1. From the list Ala274, Ala279, Ala289, pick out the single residue that is in a loop (DSSP other than H, G, I, E, B) and farther than 22 Å from Leu370 by Cβ.
2. Going by the structure shown, is Ser308 within 17 Å of Asp182 (Cβ to Cβ) and among the small types (Gly, Ala, Ser)?
3. Examine region 311-325 for a residue that is aliphatic (A, V, I, L, M), surrounded by fewer than 17 Cβ atoms within 10 Å (Cβ to Cβ), in the same structural domain as Ala200 (by TED's automatic domain parsing) and without any contact (Cβ under 8 Å) to a residue 24 or more places away in the chain, and state whether such a residue exists.
4. Quick check on this structure: which one of Thr346, Thr307 is at pLDDT 85 or above and more than 18 Å from Asn256 (Cα to Cα)?
5. For Asp35, all conditions in the list (1) of a type outside the set (Ser, Thr, Tyr); (2) crowded, with 17+ Cβ neighbours inside 10 Å; (3) at pLDDT below 85 hold save one; what is the number of the exception?
6. If Pro83 satisfies all but one of (1) closer than 22 Å to Ser137 by Cβ; (2) out of contact with any Phe, Trp or Tyr (no Cβ under 9 Å at 6 or more places or on another chain), what's the number of the condition it fails?
7. Of the numbered conditions (1) in a loop (DSSP other than H, G, I, E, B); (2) modelled with pLDDT of 85 or more; (3) not acidic (Asp, Glu), Tyr230 fails exactly one; give the number of that condition.
8. Among the residues of region 247-278, write down those that are of a type in the set (Gly, Ala, Ser), farther than 14 Å from Ile314 by Cβ and crowded, with 18+ Cβ neighbours inside 10 Å.
Amino acid sequence: MKKPILILLLALFSLNLLAETSAIKPDTVIDVYLDGNKKEKSAAISDILVVSIAHVNGLLATQNGVKQVRLFINSIEIEGSVPVGWYLHGDGAELKFLLKRTDLNNKTWNMLLGYPAIGGQFFRLPLSISIGLTGQSAQATKIDSFQFVRIDRGWFWTCLAVILIYFGVLLRFATATPMLRDTPADLTPLGIPGLSAGNAPYSLGKVQMAFWFSIVLASYIFIWLITDNYELITSGTLVLIGIGAGTGLGAVGINNNKADKTIKHIQDLQAQQADLRQATDLLKAALPAAGVEAMIGYNNFLDCQLTSNINNLIDGLKTGKENFISDILTDENGVSFHRLQMVVFTTVLGFVFVYTVYATLTMPDFSATLLTMQGITAGTYLGFKIPEKQG
C-alpha cells in the first residue's frame, strides 16, 4: 500500500516540476545593435535601434500585431515607440525603433537620463533593452548593459569651453567695467573727475539679472546636450529673466535719476556760493564802515557751510566699492533687510532651478505664486532704493 502512494507522490512532484520548467519565460530579446552596423552596441537620440527577437510567434497573434509592440528601456515602456520597420523570419524577427523624444514620452526619457553621475556613466549609460506589447510588461531579454550615448564627448567639451569663456568674460568685465556695477556719476559738469568704473559699487539689480541669465544659459546648453531638444524655455523661465532685467533696468534708472538731481542741487549750491562770495567782496570794499566786518564774518560762516554741504554731496556721488558682499547687501545704514531678502530668495530659487534641470532635464515652470514672490522681493528692493544711498 505504501509503494503505490509513494509512486503517486513522485509522479505528482514530477508533473509540478515540469509545469514550473515550462512556465519559465525564454529570452525574447537576444540582440540589440545600431541600424547598419551589427557590431555597434551603442546608440543615441535620433539613431535607429535594431532589436533581434526570438519566439515572436508567442508574442504576436497576427503579423499586424507588430504595430502594438513598443520599445522598453529598463523595463519602462517608451510611449509611442512604434516600430519603423521589421523583418519576420520563422519564429524570430528584427524590429527597428527610432530613438526619438516626443511630447508623449518626454518625461520617460527625462526619468531615464536624469541625474547624470560624474564618471563613466556621465557620457554613456548602460541600459536594459527589451520589447513588449503596449500597456503590458516587458519581455525577457539578454541585453542588460546596452550603451546609450547620453552626451557626445566632443559636443560636451566644446560647449564646456563656450560656457567657461562666457563666465571668464563676465568676471573680467564685471570687475573692470560698470557692467555689473552702479554707473559712476558724471561729475564733469562740476569740473570734477568722477569715480573710475572699476571702483564703483556692485549693483544688486544688475547682479540678479546676470545671475538668472547665466543659470538659464548653462541649463539650456546642458539639457540640449542630453536631449537634443532646443524648445526648452518655459513661460516661468521667461518671467524670471524678465524680472531680473526689469530689476536691473529699474536700479539703473533710479541711480541715474538720483545722481542727476544731486548734481543739479550741487550746481545750485555753487551758484549760491558764488553770489555770496561776490557780496562778501563788495562788503570788503566798504571797510572800515561800521558793522561791515561782522557781516563779512557771517558771510564767511555761510560760505564754509556751503562748502561742507557741496563736498559731502560730491563724496556721496564718488562712493567707492568695499567688496562684493558688502556692496549688494548694504546701504548707508548697514545691511538692509530688503536687500538680504532679495539675495536669499533669489539664491534659493536658483538652487531649485539648477537641481530641477539636473534631475529632470527640464527647465522648471515655477508657479504664479513663486514668481509673484520673486517679483515682490524685486519690487521691494527698488522701492527702498529710491531714498537710499549706496555706501
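1. On the way: Ala274 fails: in a loop (DSSP other than H, G, I, E, B); Ala279 fails: in a loop (DSSP other than H, G, I, E, B).
Only one candidate qualifies: Ala289.
2. Numbers: within 17 Å of Asp182 (Cβ to Cβ): no; among the small types (Gly, Ala, Ser): yes.
For Ser308, the condition - within 17 Å of Asp182 (Cβ to Cβ) and among the small types (Gly, Ala, Ser) - is not met.
3. yes
4. Values: Thr307 fails: at pLDDT 85 or above.
Of Thr346, Thr307, the one residue that is at pLDDT 85 or above and more than 18 Å from Asn256 (Cα to Cα) is Thr346.
5. (3)
6. Unmet for Pro83, out of (1) closer than 22 Å to Ser137 by Cβ; (2) out of contact with any Phe, Trp or Tyr (no Cβ under 9 Å at 6 or more places or on another chain): (2).
7. (2)
8. Once the filter is applied, which keeps residues that are of a type in the set (Gly, Ala, Ser), farther than 14 Å from Ile314 by Cβ and crowded, with 18+ Cβ neighbours inside 10 Å, region 247-278 yields Gly248, Gly250, Ala251.
The values are calculated or read from the model by the stated rules, or taken from the named source; none is laboratory data. As the structure is a prediction and not an experimental result, all values here were calculated from the model. All Cβ positions, glycine included, derive from the backbone under ideal geometry; neighbour counts span all protein chains shown.
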